[in-house]
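The values are calculated or read from the model by the stated rules, or taken from the named source; none is laboratory data. In this text, all values refer to a predicted model and were calculated from it rather than measured experimentally. For neighbour counting, all protein chains shown are included, and Cβ atoms are generated from backbone atoms with ideal geometry for every residue, glycine included.
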Amino acid sequence: MGQLFAVEVIYRGVFQKTLAKNITRGIVLAAHNEGKLGISFGRYGDSPERNGIPAKSFAIVAHDEQTLEAGMAQYEPKQVDLTVVLDDTLCKGAESWAWYGLQPAHHALKPGHTLLVVSLEDAPSLLKNIHRREEPYKLGILKGVTSFSGMWVYKDDHTDVRVLGAIAKAVPELFSLAAVEKFILEKLKNSLKVTSAHTAFERFATVEVKAGEGNPEKLFAFGKPRWEDMRGGVSIKGQPQGGPYADPVSGKVGGFRPARNELFKKYSTRTMRPVVNFSTCTKCTLCWLNCPDASFDVTPDGTYDANLQACCGCGICEEVCPVKNCISMVNESEFHDNDSQWARFREDEDAYLKWLETTIAKAEPIEKRSHGFRYRGQYQEQVPEALEIAKKG
Amino acid sequence: MATVTLPVEEKKKSNEQEALITGAEAIAIACKLANVDVVTAYPIRPYDTVMQYISQLVADGEMDCEYIVAEGEHSQFEIVKHASVCGARVFCGSSGVGWMYAMEALTVTPALRVPLVCMVGNRALDDPGAFGVEHNDALAVRDLGWMLTWVDSAQEALDTALIAYRVAEDRRMFVPLAISCDGAFLTHSQALVKIPAAEQVKKFLPRYDRGDLLLHPDNVISVAPQVNEDWVMEIRRQNYAVTEIACDVIREVYADFERTFGRKYGNPFFEEYMTEDAEVVLLGMGTLSTPVKVAIRKLRAEGKKVGFVRLRWFRPFAGPELAKCLERFKAVGVIDRDFSFGSPNLSGVVATEVRSAMYTGSSTRPPVIGFIGGLGGREVTVPDVEAMTDVVFQAAKGKAQPLTQWIGLRG
């Protein structure tokens, strides 16, 4: 059997679905320019049409049909030569809609191979989120904002070809830069894109990540029952109601925390999370009432704490909160745990409020957020900014 | 006409009543005796006779149930599915294309473990628009986890309906069950039927207890979620487990039926008629038993040793047992009141299943000749049966016969 190449692209549905597809198609077609064969596909168990849900696309390439077939004879590649992460908040891992548990960004990456992340952050910052692994690997950052390129309302920002250029450098045996160039000129018919691919190729560099380096968080996982142990009638036991809980400092019991699904957590669904100022909360209930996922716990002192197991980061609470800066949505990459904010507030109110001040200062104004398409022409305004970043490399 | 097939060894019960009723009416009376909670209805001939009789029973104050006329068969079967999950004993039914219109609801019912009992008044599938009997309607669900039984008399229809509730609502089963009654021949013709007393039925038929699968505020469950490839096989395997024990449960229930009511059906899965010394047999389902039995008596008088096997249960299919029975004969002729276009040997559904059962279950493998006849309600005549028997005897003598033959066809 000849050599088999596999590339995994982790992206956010639905915004990056077309971008991910364009990249995996580009990989196959570029490799084909050098006589290789390949297929490109999305993981079928995912739900890539859902807003923000982590999902995966794959490209498999081989020199001959039999090797390719061996690569196709499995649901998805178990080992990949390169992993692309199209949104750096996915460095926290991907829990798809399909109940696979939380998979680290380098879930399938072969030891010593490259994890390519599109991000404006630097490696130490990303490694706070990327889980530890026993084998060393390389981390390469392709500088750029989280791209929605390929989605119909967004203009093309060349992320697809920049990724291809970077791959040509990271895995030269998969395809050369010349093969990418040929693919772009023949299929995309855009010479500017050739320049983008070349620039990405030249600038792309990786750093070594040592064994054990990274986020120490234990990955959320669950076992699957045998058929004899599953409830009959395609039925699932309902959640118990939940109930009051204790203040970690005073021990006072009160409030209400709904019981939550043990098997599906929304940690990696979020690109932003609400940060709550418990000292200015007027207990008006609006966030709790309007949250579509019932993610707010009513604390024993009557304020509302966004439970991060259940929050998918939609931002509705921030919009309905009548108190200025009481709820602020902050980019998920700023956080490295899913602990209760209210518990931290209770333990040391001054420290919490100080942390809150510096954290919400990082919150992007609503109209700037990458995942919020707020007004006509917003994206056009963002393009020069993105180009500036790209130039700086 | 149908009463000739009645089992004869029955003990007279003093509290039993006799009535001249149709097969559809017999099933309506069984629903009353079973104290069914929810009935849904949507008219299509010949099933509609049963909904008319039930509505009459409700109107006369003889039966107390929720009687819901749905806006179509799909809703009709969805409503009883939901009612059953909430703990109600339910009944409905349909015919022909009406049954097919309910198909989505029919496919989900077995996986949700719903012990829905219904009557299929067998009818040809449109087009052409036709009222007469064909078995392709009920057979359309044969691979989906439904239990399917065919009856050939009004008495058997009533008895089988009571048996059906016991089998379907057995905690080990909880799958839907359709009782097929041939349109016109059974649904619309009246015969003398013994109706058991309500207290006896109560003894035979315990309360439907859905246990931890009950959808109720005190038992909070979610039913029918969306799942991916990590879960579907396990769910299908659970339904497969039902099919593994279905024959045993049916045997138990028939034995208890006999103990309670004194009426004896013998082997629940198929009835054998004059097979003891038979050289060849015919096999079929439903009311074609009548002309076949009449013809057999005539042929026997002429010295031709032919018998008849009437298949009662198509799902579960008592494969090994039937194969052991049929291997005793030199040739078998299967009469299908259905078609399975493009199937192996271009036979009907039953012939294909019988051949499959014989391949693994019989040591002799006698030739199995398939006959397709009686479609769209056409009469299967005594001369037809004589002609089929001749073909089967030829096959028994080792003379090759076409594996599938159309009977009673012009041309």
Point to revise | Total residues in the stretch A:221-259, condition out of contact with any helix residue (DSSP H, G or I) (no Cβ under 8 Å at 6 or more places or on another chain), within 30 Å of B:Ala168 (Cα to Cα) and among the small types (Gly, Ala, Ser) | key: 1
**Study point:** Hits in the stretch A:217-229 (condition: more than 26 Å from A:Cys91 (Cβ to Cβ), of a type in the set (Lys, Arg) and more than 7 Å from chain B (Cβ to nearest Cβ))
**Key:** A:Arg226
Revision key, fill the gap. Note on the stretch B:15-42: residues in a strand (DSSP E or B) and closer than 25 Å to B:Gly98 by Cα are B:Ile21, B:Thr22, B:Val38, B:Val39, B:Thr40, B:Ala41
Point to revise | Residue within the stretch B:159-168 that is in a loop (DSSP other than H, G, I, E, B) and either charged (D, E, K, R) or modelled with pLDDT of 95 or more (or both) present | key: no
Review point. Looking at (1) in a helix (DSSP H, G or I); (2) touching a residue at least 24 places away in the same chain (Cβ under 8 Å); (3) exposed (fewer than 13 other Cβ atoms within 10 Å of the Cβ); (4) among the β-branched types (Val, Ile, Thr), which is the one condition that is false for A:Val323?
Key: (1)
Practice item. Give the residues of the stretch B:276-315 that are crowded, with 20+ Cβ neighbours inside 10 Å and part of a loop (DSSP other than H, G, I, E, B), sorted by residue number. Key: B:Ala278, B:Met285, B:Arg312
Practice item. Could you list all residues from the stretch A:38-59 that are in a loop (DSSP other than H, G, I, E, B), touching a residue at least 40 places away in the same chain (Cβ under 8 Å) and more than 15 Å from the chain's Cα centre (by Cα)? Key: A:Arg43, A:Gly45
Study note, to complete from the structure: Going through (1) closer than 30 Å to A:Leu263 by Cβ; (2) buried (at least 24 other Cβ atoms within 10 Å of the Cβ) one by one, A:Ala73 fails only at (2)
Check your understanding: So, in the stretch B:94-127, of the ones that are without any contact (Cβ under 8 Å) to a residue 60 or more places away in the chain and not in a helix (DSSP H, G or I), which residue ends up nearest to the other protein chains (Cβ to nearest Cβ)?
Key -> B:Ala102
Practice item. For A:Phe175, indicate whether it is over 29 Å from A:Glu334 (Cα atoms) and in contact with a helix residue (DSSP H, G or I) (Cβ under 9 Å, 6 or more places away or on another chain). Key: yes
Check your understanding: Can you tell me which residue in the stretch B:239-263 is surrounded by the most Cβ atoms within 10 Å (Cβ to Cβ), limited to those that are within 10 Å of another protein chain (Cβ to nearest Cβ) and in contact (Cβ under 8 Å) with a residue 60 or more places away in the chain?
Key -> B:Val242
Exercise for review: Give the residue that is nearest to the other protein chains (Cβ to nearest Cβ), with candidates limited to residues of the stretch A:230-247 that are modelled with pLDDT of 95 or more and exposed (fewer than 14 other Cβ atoms within 10 Å of the Cβ).
Suggested key: A:Gly243
**Study point:** Scan of the stretch A:342-387 for residues that are at pLDDT 95 or above, of a type in the set (Asp, Glu), surrounded by 11 or more Cβ atoms within 10 Å (Cβ to Cβ) and part of a helix (DSSP H, G or I), ordered by number
**Key:** A:Glu347, A:Glu349, A:Glu357
Review point. Of all residues in the stretch A:193-216 being hydrophobic (A, V, I, L, M, F, W, C) and touching a helix residue (DSSP H, G or I) at 6+ places or on another chain (Cβ under 9 Å), which is farthest from the other protein chains (Cβ to nearest Cβ)?
Key: A:Val194
Review point. Which numbered condition trips up B:Ser222, out of (1) closer than 30 Å to A:Ser96 by Cβ; (2) more than 14 Å from every other protein chain (Cβ to nearest Cβ)?
Key: (2)
Review point. Can you tell me how many residues in the stretch B:237-255 are under 23 Å from the mean Cα position of the chain (by Cα), among the basic types (Lys, Arg) and closer than 16 Å to A:Ser235 by Cβ?
Key: 0
Review point. Based on what the data block shows, is B:Val349 touching a Leu at 6+ places or on another chain (Cβ under 9 Å) and within 30 Å of B:Val167 (Cβ to Cβ)?
Key: yes
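Residue-by-condition table, conditions (1) assigned by TED's automatic domain parsing to the domain that holds B:Ile335; (2) modelled with pLDDT under 95; (3) within 19 Å of B:Ala161 (Cβ to Cβ):
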site: B:Pro46; (1), (2), (3): no, no, yes
site: B:Ile54; (1), (2), (3): no, no, yes
site: B:Val58; (1), (2), (3): no, no, yes
site: B:Val80; (1), (2), (3): no, no, yes
site: B:Arg89; (1), (2), (3): no, no, yes
site: B:Cys92; (1), (2), (3): no, no, yes
site: B:Leu112; (1), (2), (3): no, no, no
site: B:Asp127; (1), (2), (3): no, yes, no
site: B:Glu134; (1), (2), (3): no, no, no
Point to revise | Residue that is nearest to the other protein chains (Cβ to nearest Cβ) [pool: residues in the stretch B:172-207 that are closer than 16 Å to B:Lys32 by Cβ and assigned to a loop (DSSP other than H, G, I, E, B)] | key: B:Leu205
Review point. Do you know which of the residues in the stretch B:74-93 that are in contact with a Lys or Arg (Cβ under 9 Å, 6 or more places away or on another chain) and within 14 Å of chain A (Cβ to nearest Cβ) is surrounded by the most Cβ atoms within 10 Å (Cβ to Cβ)?
Key: B:Ser84
